[in-house]
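The structure under discussion appears below in the form of structure tokens.
The values are calculated or read from the model by the stated rules, or taken from the named source; none is laboratory data. This is a predicted model, so every value here is computed, not measured. Quick reminder, even Gly has a Cβ in these numbers, built from the backbone with ideal geometry, and neighbours come from all protein chains shown.
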Amino acid sequence: MGYKINGVEFPIQPTTGHWIDKPIFGITGDGHAMYPGVREFEMRWGLLDATGTNQLWNFFNAVLVTGTVVVELPKYASPGWIFYAYTGCLVREPSFGAYFNQHTRDVILTASQIRT
């Protein structure tokens, strides 16, 4: 089992992945932090071949029109290594680093609007 978008597993699994801390929108009068109701998850590849970069770009272009996707990610705050399908998510445009020996370095894909 691994990272997937709309049921399709990446041909090369991310090197790393992590939940991004929620930003604090403000502080209430009694000192409590206010957070958004959704989370973000960042997937990174240190080095990705042309097939992988093409797949990420195609995912983004396909969902740009429809809007939302189902992403399968490690379940937030789970005690085990369990993947969970989060629905109604958005995918940001992939970020591609420098080319290296017919590969792309430092590739980042972020899924947002994740309700945990």
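Data overview
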| item | result |
| --- | --- |
| Verdict on PHE59 being of a type in the set (A, V, I, L, M, F, W, C) and either touching a Cys at 6+ places or on another chain (Cβ under 9 Å) or modelled with pLDDT under 90 (or both) | yes |
| Of all residues making up region 34-87, the number that are among the β-branched types (Val, Ile, Thr), under 30 Å from PHE100 (Cβ atoms) and more than 15 Å from the chain's Cα centre (by Cα) | 1 |
| Filter result for the condition that a residue is modelled with pLDDT of 90 or more and among the small types (Gly, Ala, Ser), over GLY52, GLY97, GLY67 | GLY97 |
